[in-house]
Structure formats: structure tokens, C-alpha cells
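Below: the structure, in C-alpha cells.
The values are calculated or read from the model by the stated rules, or taken from the named source; none is laboratory data. In this text, all values refer to a predicted model and were calculated from it rather than measured experimentally. Quick reminder, even Gly has a Cβ in these numbers, built from the backbone with ideal geometry, and neighbours come from all protein chains shown.
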Amino acid sequence: MSSITLKNLTKKFGEIFAVNNQNLIVNKGEFLVLLGPSGCGKTTTLNCIAGLEIPTSGQILFNDIDVTDSPPHSRNIAMVFQSALLYPHLNCEQNILMSLHKTSISHSEKNKRVIEASEMLNINNLLNKKPHELSGGERQRVATAKAIVRQPDVFLLDEPMAALDAALRQTLRSELVNLQKKLNTTTIYVTHDQVEAMTMGDRIAVMDKGQVEQIGTPIEIYKNPKSKFVAGFIGSPPMNFIEGQIIKENGKSFFDSKILKRKVELNNILNKSNSSYLSFRPQHIHITNDQDYDLELKIFGIENLGKEIIIICDYGENKIRVISESFSSKINDLIRLKIDRENILLF
Amino acid sequence: MFSKTKKNTELSDLNFALLMALPVIFFLLFVVIYPLGYALWMSMHKVSMFGGLKFKFIGLTNYYKVLANEKFWDASLVSIRFTLESTVLTILLGLFIAIILSKDFKYKTLIRSIVIIPWSISLYGCGIMWAQIGRGQTGFFTAIYHLFGGEDKVNLISRSYVLELLALGNAWNLAPLVAFFLLSNISTIPRRLYDLADIDQMSNFKKFWHVTFPPLRFTIFVFTCITIVMSLKLHDFIYTLSQGGPGRISSTLTYEIYKLSFKNMQLGLGSAMSFYLLFLIVGSTLMLYWLWGRRVEK
Amino acid sequence: MLKNNKLYLYLALVILLIWTITPIYWYLKLAFLTPNNINIFPPVFLPDEMHFGAFINLFGSDYITKEGILLPASGQSSQVIRGLMNSFFVSVIATIITMIVIVPLAYTFSRLTFKFKTALLLSILLSVALPPISTLIPFFAMYVKLGLTGTRFGLIIVTLTITIPFVTWMLIGYFKNIPPIEKLGRIDGFGRFETFLKIFVPLSKNGILVAAVISFIFSWNEFTYASILVNGTNAVTFPTSISSFLFQHPHPQHLSAALFLGMLPPFIVAFFLQRYISEMNIVDPLR
């Protein structure tokens with residue numbers, strides 16, 4: 001397996017920077033997720049790493065060897081594409097064998113690898129069929145088998161589960177991670193789905209507008225997001241934001257906003273005087289009956305998920321979401337909420 | 001580990017594309033641009049065929065001669081009238097056929113195969129067939145007329161009707177192609193939209209206008225352009241059906257150019273006139289695009 | 001209400017079929033008549049007697065009907081046969097050349113964007129606007145000088161001006177709808193050209209076949225160029241070989257039979273083609 005290093009990677013399409021001066025290190029054997037909204041440059045980055053695109057400037061290193069100018073085949077990578085791209089006119093076994101077509105492996109070794117791969121992915125009964133005869137999930141497995149059969153140094157996956165339904169995605173997620181840990185191949189996985197990112201990655205690199213905003217383990221990113229974008233992108237239900245400003249009074253800092261009933265005192269650790277957003281996760285705000293409350297809002301919606309209830313409250317054009325375990329009010333009622341002071345973030 | 005890195009010896013996108021495009025570029029140069037240039041050159045010469053090809057430079061004289069020629073203006077009018085009639089008939093017919101074929105009925109494949117046959121027939125063959133239909137002595141309408149007790153011939157290759165006969169025959173040939181492309185557009189309209197129209201209590205006509213027609217506008221535009229170009233270029237059909245007659249009634253600009261160049265052997269004058277024709281063709285399509293195409297562009 | 005709609009539909013279908021078939025039938029019925037009853041006035045809808053003699057005459061033999069009427073062989077038969085063979089030759093070669101040249105081009109144009117693409121594409125498509133008559137004049141002059149009149153080679157070249165633009169337009173639209181299989185090929189180690197030849201072409205062979213067949217039909221039906229360039233020579237193609245029948249009224253049954261024969265290849269082809277044309281779902285190549 002290889003480590004991958006991106007140095008000042010830039011890719012322009014015409015005047016537009018798809019990837020802008022990106023630096024990234026992927027460790028050997030790591031499962032790294034490139035996460036971000038459409039157009040953030042994650043697929044372009046992946047294509048550069050694969051060799052399908054030539055960067056405008058910058059370098060790509062595999063294990064400290066510069067591969068920036070090498071064609072895909074000599075980088076010893078395998079790639080799984082969106083919608084499980086397979087050769088439509090070949091059956092599955094031939095599809096898998098195609099990965100080994102240009103290698104100098106012996107015939108018997110090729111067959112051995114195909115058998116191993118199809119056992120690992122449980123597709124023995126599909127080998128004779130053509131791609132259009134398979135379901136989406138089955139095609140995904142075949143595409144994965146096609147990738148592992150090369151025993152590459154790097155796996156690259158481009159939103160492979162985007163076209164599958166939710167239940168199937170849940171099953172395949174853990175299978176894929178399990179497989180990766182078994183093979184210990186360095187893997188880069190591109191997705192816009194933050195649930196996939198959180199559940200699968202060893203580390204997540206959150207991207208926006210061609211650059212990595214933050215990279216870290218799922219827990220790090222969840223607990224310590226470094227920008228409003230990352231904070232709002234990770235976590236479901238999403239982070240709450242209240243717009244306002246910081247005021248200093250009597251040597252202490254407070255956050256004030258129109259909708260807050262009273263100023264929220266900030267401890268010194270959070271001393272960023274130019275922040276305009278007070279943020280907290282839905283589980284860090286509670287319904288209260290005391291006089292000691294921060295917000296009084298009208299209920300817009302109630303989502304009962306069984307294990308928890310999400311209450312959506314209206315304020316201006318935005319919503320505040322609260323997680324609660326039990327509940328008895330109705331839509332359009334007013335409720336009082338108090339924010340946990342220990343879990344506040346400022347942006 | 002991966003194999004030794006080698007410099008990317010692959011061609012860039014541009015170079016690869018140019019390599020693939022090379023034969024066509026040759027084609028364009030030798031078979032389109034050179035002849036066009038040669039035609040332009042010829043149009044400025046008096047060309048004689050006696051004792052080999054001889055050229056005498058006369059500048060733009062041919063172009064003035066064309067404009068002064070009454071036959072040119074008559075023929076242009078004939079072309080325009082013929083083209084307009086053909087186009088309207090073709091599009092309407094194509095639409096009509098497409099709508100019918102989009103419904104459900106038995107033997108659909110067989111019927112569709114039959115419907116496309118007119119398009120596969122050569123235009124010179126069409127001319128012979130439609131001449132047979134229109135000519136009084138042998139005509140279809142004569143036969144029908146006699147069926148109802150008439151005794152005369154019904155001749156459509158006449159001063160009054162020949163252009164309409166030609167337009168009809170032209171539409172007969174072109175409509176199936178239009179129909180099939182419209183058909184594939186129609187098949188992408190979701191059935192649910194018709195259900196919605198039913199709920200909104202739309203009449204059949206309204207359903208056609210608001211549900212069926214809008215997605216077809218672009219295709220109809222494209223095929224209007226194609227029909228106009230094909231009709232203006234048309235030669236074979238007119239040659240075998242009416243030979244430009246009676247007199248010069250059905251002599252389109254194309255046919256005039258043919259007579260001038262290959263009957264009277266006035267190649268220089270013919271070339272000049274053909275540039276007017278080219279101008280007419282390109283001009284009409286551009287105008288159509290300006291007025292209509294821009295609005296329906298996807 | 002529903003019954004009415006069905007009735008209208010069937011009525012429309014009947015009208016459509018009559019409209020489509022009548023012109024063909026009205027002329028082709030002549031191919032089955034003898035010279036005596038060909039000129040009957042008024043013209044008949046259904047002939048009393050049908051013979052296949054005309055077809056046999058076409059190929060140079062006499063034919064005696066059951067009633068003992070002699071139908072003499074057509075004097076044009078050698079021309080007809082030569083015309084058939086030449087037409088076939090010219091059409092096949094023109095189609096092959098067109099496909100070899102255009103399939104790679106359409107591939108690149110449908111996949112990649114690059115600087116001169118729009119200009120090149122427009123020029124190819126604009127050559128459709130050229131009337132055959134216009135290009136014929138300079139070609140005629142050039143060929144007279146080069147001695148290429150009356151040659152199949154010369155005819156093939158001009159025929160390309162018809163087939164190439166159409167096939168380009170059609171294939172680019174068709175290729176745009178094929179999934180991006182190149183990425184897969186490149187990862188598996190296939191070079192660009194290899195991906196094209198070994199993966200893309202087999203994948204898109206349906207569309208390529210349709211385009212080739214349509215190109216063949218266009219060449220087969222081509223009349224204008226042939227009538228000027230090869231008429232009366234050894235390179236005469238089928239349409240021109242029967243044009244000598246054209247203004248000759250004594251034997252319309254031969255002309256009709258000949259026409260019928262000439263229509264057969266396109267007929268058969270169109271029959272099988274109609275399914276594919278509507279499935280082609282062609283996209284505007286300029287986008």
C-alpha cells in the first residue's frame with residue numbers, strides 16, 4: 001500500500017479553479033473520506049490522484065515518488081465509479097478479468113484472483129451475467145471485485161453508493177469498510193453524504209470551493225469544527241446557528257441577538273470578538289419550564305423518530321432544532337428553550 | 001509497489017481530437033472548400049466547352065446578368081412558394097403521423113415499417129410515381145372521377161396545380177422522417193401529465209397544445225430548417241415529375257441552374273446563379289434561427 | 001367517449017396507410033401488366049391479370065404469358081444490370097469510407113471539448129446547405145479536366161458530400177448518450193485509441209450500423225450527380241441506367257419493374273430500421 005501526498009495541487013478548467021492549492025497527506029492503509037457539496041472539487045481531486053486528469057500545477061506523490069505525470073495504469077490504483085460503471089457488453093467475470101488484462105500475471109494467477117475476489121464479495125452466482133441483468137447493489141459488488149482483483153496500492157471510490165437506496169447503503173457501508181480493513185489498502189472515498197463520511201472514514205477531509213476546510217477524525221470534526229461551513233455540514237440533524245454580535249460589558253463577553261431573551265455569557269476560552277454566529281447542536285439545547293430561559297419560539301414541526309423526537313422551531317427565516325426524549329406540545333405552540341453553556345461554538 | 005513511473009506519453013485532448021479529425025479536415029478542404037472556391041472562380045469567367053475547357057475572365061458580369069434575367073426572378077419565386085408549401089405540409093403531416101403512431105394499436109411494428117417506406121424511396125422514383133398519379137391520362141384522381149361517373153381526365157400536371165402536386169409529393173417523402181423524430185420526443189412525455197390534464201378537465205385540443213406540443217418545439221424547429229434546405233436543394237423529384245413544366249411553372253431556382261449549366265452549357269453563369277441560391281438557403285435558415293430558433297433553444 | 005376515440009384512431013390509421021401506399025402501388029401495378037392493357041383508359045384500381053414478365057424482360061429474356069402473348073426482352077437490360085452492380089459498388093465503398101472517417105471523429109467530438117470544435121462542426125454541417133447542383137458545376141469542370149467523368153471513383157468522391165454530413169450529425173448525437181466508459185478503460189490500462197477501438201466501438205455498434213445503413217440508402221438513391229457524371233458510360237449507376245427509360249413511353253412496365261427493384265434494398269432496410277430510428281434519441285450535436 002502507499003501513502004499519498006498532494007502538494008499545492010491546482011486544477012483549473014478555463015478560468016475556474018476546481019481544485020485550489022490543495023495540500024493533503026493520506027497515510028498508508030488509511031480510509032480517508034473526501035466530503036463536500038457538489039462542485040467543491042472532490043471528484044476532480046480524485047481524478048487527479050487517479051491520473052484521469054492532469055493537474056494544472058502541483059504534485060502528486062505515492063510513497064514520496066512523484067507520479068504527477070504518470071498514466072493511470074502505472075500508478076497501480078483501482079477505481080470504483082459512480083453508478084457502478086462496468087463494461088455493458090461483457091459479463092461480470094470478463095469485466096473483472098479486464099482489470100488484469102494489461103498486467104503480466106499468469107493465466108492461472110488471474111483466475112485464482114477472480115475466484116478469491118468473488119468469494120470475498122459473494123458474487124459467485126453472478127459471474128456469467130451481464131451488468132444490465134443485475135440489481136444496483138449487485139453491480140456495486142462486481143465493480144468492487146473488479147477493483148480488488150488488481151491488488152492495487154490505492155483504492156479510489158467516487159460516490160459509489162449514490163444511486164442505491166438507503167437500506168442497501170447501510171448494508172454495503174459496513175461491508176466495504178470491513179473489506180478495506182482486511183486488505184489494508186489505502187483508500188480514498190468521495191461522497192457528499194456526511195453520514196457515510198462519519199460512519200466509514202478513519203479521517204474526513206471536508207472540502208469546499210476547491211480547498212480542504214478541515215481534516216480530522218470524525219469525532220474531531222464533529223466536536224471541534226473549525227469553520228461555520230464544516231459545523232453546518234456535519235451532523236444530523238444539523239447544527240443550529242443564531243446570528244448576532246459579541247458585546248463586552250464589565251470585562252465579560254456576551255453574545256447578543258434579537259431573538260435571545262437575554263444575553264448569553266461567554267467564558268474567556270471563546271473570546272473571538274468578531275464572531276457573528278452562536279452555534280450549538282440540537283442535543284445541546286433543552287426545553288425548560290423555568291423562568292431561566294434563552295429563547296421562546298413557536299413550534300413549526302415535530303419529527304418523531306422513535307428513539308428521539310426532533311422539534312423544529314421557527315425564528316425569522318431560520319429554524320432551530322431541538323432533540324428531546326418526550327414531548328407533549330403541538331405545532332404552533334410556544335416553548336421555552338435553554339442552551340447548554342458548555343457546548344457553545346462561535347463562528 | 002507500482003511500476004516505474006513513465007512520462008505521460010499520451011496525447012493531450014486537443015492533439016488526439018485533431019488527429020481523429022484529420023481525414024475530415026481533408027475532406028472539407030478538397031471536397032467542399034476547393035470546389036466552392038472553384039465555383040466562385042468560374043462564376044467570374046465565361047466558360048466555354050468547345051475544344052476543351054476554356055475560361056475568360058469577366059469579373060462580376062455574370063452576377064449582373066443573373067439579376068437582369070427574368071427567369072431568375074420567376075424561378076426564385078417558384079422556389080420560395082414550393083418550399084413554403086412543402087414545409088408546411090411536411091411538418092403538419094409529420095406531426096399528424098407522430099401523434100397517431102404514439103397511440104396504442106395492433107400491428108404497430110408492421111404499420112410503422114410501412115409508414116417509413118416513403119422516406120426510403122429515391123426522389124427520382126418519387127417523381128415517376130407522383131407523375132403517374134397526377135397525369136390526366138393515368139392519374140389516380142381520373143380513376144376516382146370515373147368511378148363516380150365522370151368522363152374527363154383529371155390532370156394535375158397543369159399550370160394551376162403542378163406546384164401543389166410537387167409539394168404534396170415532397171411532403172410524402174419527407175414527413176416520415178420528421179414523424180419518427182417527433183415520435184421519440186413524444187415517448188418521453190410522462191403519462192402522468194395527461195392524467196393531470198384530465199383532472200384539470202382539458203379538452204383534447206388543449207391537451208395537445210399544453211402537454212404534447214411544448215416538448216416538440218425544438219425538434220419541429222430543427223426539421224423546419226432541414227425541410228427548407230432540402231426543398232430548396234431539390235432537383236431529382238422535379239426532374240422526373242414535371243421537368244420544370246408546364247413551361248417554366250415548376251422550374252425552381254435549382255432547376256433553372258441545372259438547365260443553364262448542363263443543357264445550355266453556360267457553366268460560368270450557372271455558377272453565379274448557384275451562389276444566389278446558396279445565399280437564399282443560408283439566409284432562410286439564419287432568419288428562421290433568428291426569429292424562432294433562439295426562443296426554443298434548450 | 002372512449003369508443004369514439006378508438007374509432008377516430010382507426011379511421012386515421014386507414015387514411016395514413018392509404019396515403020402511404022397509394023403512390024407506390026399506383027405506379028408499381030404497371031410492372032405486372034402487359035403492353036396491351038397498360039394504356040387502358042380510365043386507369044384501373046385493380047388489374048385483371050398480373051404477370052411477372054416485365055421483371056424477366058429487364059434481365060434480358062423474352063417471356064411468354066399463359067395466353068401466349070410474347071413480351072420481348074428489354075433492350076436496356078445490359079444497362080440495367082450494369083447499373084445495379086455499379087450502384088452497389090459505389091454505395092458500399094462510399095459508406096465504408098464515410099464510416100472509417102466519421103466514427104473516430106464523432107467519437108472525439110462527442111466526448112471532448114477543444115478549441116476548434118464548434119468551427120469544424122459547423123463547417124461540416126453547413127456543407128449540408130450546399131445544393132448538389134452547386135457543387136456539381138465545379139466538380140463537373142474539375143472532372144472534365146482530370147478525366148474523371150464516367151468513373152466510379154469520381155462518383156464515389158462526390159457521393160461523400162452527401163453521406164458525410166448526415167452521418168456526422170447522427171453519430172455525434174448518438175455517441176453523446178453512451179456512458180463514459182473511457183474512464184474504466186484508462187484505469188484498466190487501455191490507451192486512448194485502444195479504448196476507442198476495443199471498448200467503445202463494440203458498445204455502440206447498433207448506432208454505427210444504423211448510420212452505415214442510412215448512408216448506403218442515400219448513396220443508392222443518389223441521382224443528380226450520377227446523371228451528369230456517369231450517364232451513358234461504363235460507370236453508370238442504377239438510377240441513371242433507368243433514366244433512359246424515363247421519357248420513353250412504349251415500355252412503362254419495364255420502368256416500373258426496374259423502379260420496384262431499385263426500391264427493394266431501401267425498403268428492406270427501412271423495414272428493419274424503423275425500430276432503431278425512434279430509439280436513437282438523438283441529441284443536438286452542437287451542444
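The number of residues in region A:216-243 being among the hydrophobic types (A, V, I, L, M, F, W, C), surrounded by fewer than 21 Cβ atoms within 10 Å (Cβ to Cβ) and within 25 Å of A:Glu175 (Cα to Cα) comes to 1.
Here are some residues: B:Ser86, B:Ser122, B:Ser48. Which one is within 13 Å of chain C (Cβ to nearest Cβ), crowded, with 18+ Cβ neighbours inside 10 Å and small (Gly, Ala, Ser)? Show your work before the answer.
Working: B:Ser86 fails: within 13 Å of chain C (Cβ to nearest Cβ); B:Ser48 fails: crowded, with 18+ Cβ neighbours inside 10 Å.
After ruling out the rest, the residue left standing is B:Ser122.
Screening C:Thr34 on (1) more than 8 Å from chain B (Cβ to nearest Cβ); (2) surrounded by 12 or more Cβ atoms within 10 Å (Cβ to Cβ); (3) touching a residue at least 24 places away in the same chain (Cβ under 8 Å); (4) out of contact with any Gly (no Cβ under 8 Å at 6 or more places or on another chain) shows it passes everything except condition (4).
Every residue in region C:211-231 that is touching a residue at least 24 places away in the same chain (Cβ under 8 Å) and closer than 18 Å to C:Phe139 by Cα, please. First the steps, then the outcome.
From region C:211-231, those touching a residue at least 24 places away in the same chain (Cβ under 8 Å) are C:211-222, C:224-226, C:228-230; that's our starting set.
Hits for region C:211-231 are C:Ser219, C:Glu222, C:Thr224, C:Tyr225, C:Ala226, C:Ile228, C:Leu229, C:Val230.
Note on region C:201-228: residues that are of a type in the set (Phe, Trp, Tyr) and either outside any helix (DSSP H, G or I) or buried (at least 23 other Cβ atoms within 10 Å of the Cβ) (or both) total 3.
Results for (1) in a helix (DSSP H, G or I); (2) without any contact (Cβ under 8 Å) to a residue 12 or more places away in the chain; (3) touching a His at 6+ places or on another chain (Cβ under 7 Å), shown as yes or no for each residue.
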| position | (1), (2), (3) |
| --- | --- |
| B:Trp73 | yes, yes, no |
| B:Leu77 | yes, yes, no |
| B:Leu89 | yes, no, no |
| B:Leu93 | yes, no, no |
| B:Ile100 | yes, yes, no |
| B:Lys106 | no, yes, no |
| B:Ile114 | yes, yes, no |
| B:Gly127 | yes, no, no |
| B:Ala143 | yes, yes, no |
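Only one residue in A:Ile299, A:Ile309 is within 27 Å of the chain's Cα centre (by Cα), farther than 14 Å from A:Leu346 by Cα and not assigned by TED's automatic domain parsing to the domain that holds A:Thr199. Which one? Give the steps one after another, and end with the answer.
Values: A:Ile299 fails: within 27 Å of the chain's Cα centre (by Cα).
Result of the check over A:Ile299, A:Ile309: A:Ile309.
Can you find even one residue in region A:195-209 that is buried (at least 19 other Cβ atoms within 10 Å of the Cβ) and over 14 Å from the mean Cα position of the chain (by Cα)? Within region A:195-209 (the criterion being buried (at least 19 other Cβ atoms within 10 Å of the Cβ) and over 14 Å from the mean Cα position of the chain (by Cα)), the answer is no, since none of the residues qualifies. Among the residues of region A:132-162, those identified as under 16 Å from the mean Cα position of the chain (by Cα) and assigned to a loop (DSSP other than H, G, I, E, B) are A:Glu159, A:Pro160, A:Met161, A:Ala162. The one condition from (1) facing chain C (nearest Cβ under 10 Å); (2) under 30 Å from B:Leu232 (Cα atoms) that B:Tyr107 does not meet is (2). Considering each residue of region C:137-195, count those that are surrounded by fewer than 17 Cβ atoms within 10 Å (Cβ to Cβ), among the aliphatic types (A, V, I, L, M) and either within 14 Å of chain A (Cβ to nearest Cβ) or assigned to a loop (DSSP other than H, G, I, E, B) (or both), and give that number. Total meeting the criteria: 1. Consider region B:246-289 and keep the residues that are among the β-branched types (Val, Ile, Thr) and under 16 Å from the mean Cα position of the chain (by Cα). The one that is farthest from the other protein chains (Cβ to nearest Cβ) is B:Thr252.
For region B:149-184, the tally of residues that are part of a helix (DSSP H, G or I) and within 9 Å of chain C (Cβ to nearest Cβ) stands at 8. Checked against the criterion of being assigned to a strand (DSSP E or B), farther than 15 Å from C:Arg186 by Cβ and facing another protein chain (nearest Cβ under 8 Å), region A:65-83 has at least one qualifying residue.
Among the residues of region B:244-258, write down those that are part of a helix (DSSP H, G or I) and of a type in the set (Val, Ile, Thr). Please lay out each step first, then the result.
Quick first cut of region B:244-258, residues part of a helix (DSSP H, G or I) only: B:253-258.
Of everything in region B:244-258, those that are part of a helix (DSSP H, G or I) and of a type in the set (Val, Ile, Thr) turn out to be B:Thr254, B:Ile257.
When we screen B:Pro35, B:Pro23 for residues that are touching a helix residue (DSSP H, G or I) at 6+ places or on another chain (Cβ under 6 Å), surrounded by 18 or more Cβ atoms within 10 Å (Cβ to Cβ) and either closer than 21 Å to C:Ala129 by Cβ or not charged (D, E, K, R) (or both), the only hit is B:Pro35. Of the residues making up region C:209-228, just one is in contact with a Leu (Cβ under 7 Å, 6 or more places away or on another chain) and away from chain B (no Cβ under 13 Å), namely C:Ala211.
Looking at A:Asn240, A:Asn184, A:Asn224, which is the one that is without any contact (Cβ under 8 Å) to a residue 24 or more places away in the chain and not small (Gly, Ala, Ser)? Outline the logic, then answer.
Working: A:Asn240 fails: without any contact (Cβ under 8 Å) to a residue 24 or more places away in the chain; A:Asn184 fails: without any contact (Cβ under 8 Å) to a residue 24 or more places away in the chain.
That would be A:Asn224, the only listed residue that is without any contact (Cβ under 8 Å) to a residue 24 or more places away in the chain and not small (Gly, Ala, Ser).
Of the residues in region A:99-110, at least one is closer than 17 Å to A:Pro152 by Cα and crowded, with 21+ Cβ neighbours inside 10 Å. Specify the residue that is nearest to A:Arg173 (Cα to Cα); the eligible residues are those in region A:115-130 that are among the hydrophobic types (A, V, I, L, M, F, W, C), outside any loop (DSSP other than H, G, I, E, B) and touching a residue at least 24 places away in the same chain (Cβ under 8 Å). That would be A:Met120. Looking across region A:200-233, just one residue is closer than 24 Å to A:Ala117 by Cα and not in a loop (DSSP other than H, G, I, E, B), and that is A:Met200.
Being hydroxyl-bearing (Ser, Thr, Tyr) and surrounded by fewer than 18 Cβ atoms within 10 Å (Cβ to Cβ): is that true of A:Ser276 here? Give the derivation first.
Values: hydroxyl-bearing (Ser, Thr, Tyr): yes; surrounded by fewer than 18 Cβ atoms within 10 Å (Cβ to Cβ): yes.
For A:Ser276, the condition - hydroxyl-bearing (Ser, Thr, Tyr) and surrounded by fewer than 18 Cβ atoms within 10 Å (Cβ to Cβ) - is met.
Any chance you could count how many residues in region C:76-115 are part of a helix (DSSP H, G or I) and more than 21 Å from B:Phe27 (Cα to Cα)?
Filtering region C:76-115 down to residues part of a helix (DSSP H, G or I) leaves C:77-111.
From what's left, more than 21 Å from B:Phe27 (Cα to Cα): C:77-88, C:111.
Here the count works out to 13.
Which is charged (D, E, K, R) and either at the interface with chain C (Cβ under 9 Å from one of its Cβ atoms) or under 21 Å from the mean Cα position of the chain (by Cα) (or both), of B:Arg191, B:Arg217? Spell out the reasoning first.
Values: B:Arg191 fails: either at the interface with chain C (Cβ under 9 Å from one of its Cβ atoms) or under 21 Å from the mean Cα position of the chain (by Cα) (or both).
Going through B:Arg191, B:Arg217 in turn, the sole match is B:Arg217.
Here A:Ile65 meets the list (1) in contact with a Leu (Cβ under 7 Å, 6 or more places away or on another chain); (2) surrounded by fewer than 18 Cβ atoms within 10 Å (Cβ to Cβ); (3) of a type in the set (A, V, I, L, M, F, W, C) almost entirely, failing just condition (1).
Is there a residue being in contact (Cβ under 8 Å) with a residue 24 or more places away in the chain, on the phi < 0 side of the Ramachandran plot and either of a type outside the set (Lys, Arg) or touching a helix residue (DSSP H, G or I) at 6+ places or on another chain (Cβ under 8 Å) (or both) anywhere in region B:191-206? Within region B:191-206, not a single residue is in contact (Cβ under 8 Å) with a residue 24 or more places away in the chain, on the phi < 0 side of the Ramachandran plot and either of a type outside the set (Lys, Arg) or touching a helix residue (DSSP H, G or I) at 6+ places or on another chain (Cβ under 8 Å) (or both).
Please go through region C:135-177 and pick out each residue that is β-branched (Val, Ile, Thr) and touching a residue at least 60 places away in the same chain (Cβ under 8 Å).
Taking region C:135-177 as the starting set, the residues that turn out to be β-branched (Val, Ile, Thr) are C:135, C:137, C:144, C:149, C:151, C:156-159, C:161-164, C:167-168, C:172.
Once the filter is applied, which keeps residues that are β-branched (Val, Ile, Thr) and touching a residue at least 60 places away in the same chain (Cβ under 8 Å), region C:135-177 yields C:Thr149, C:Thr151, C:Ile156, C:Val158, C:Thr159, C:Ile162, C:Thr163, C:Ile164, C:Val167, C:Thr168, C:Ile172.
So which residues in region B:109-153 are of a type in the set (A, V, I, L, M, F, W, C) and more than 28 Å from the chain's Cα centre (by Cα), if there are any at all? Break it down stepwise before answering.
Going residue by residue through region B:109-153, those that are of a type in the set (A, V, I, L, M, F, W, C) are B:110-111, B:114-117, B:119, B:121, B:123, B:126, B:128-131, B:133, B:140-141, B:143-144, B:147-148.
Matches in region B:109-153: B:Ala143, B:Ile144, B:Leu147, B:Phe148.
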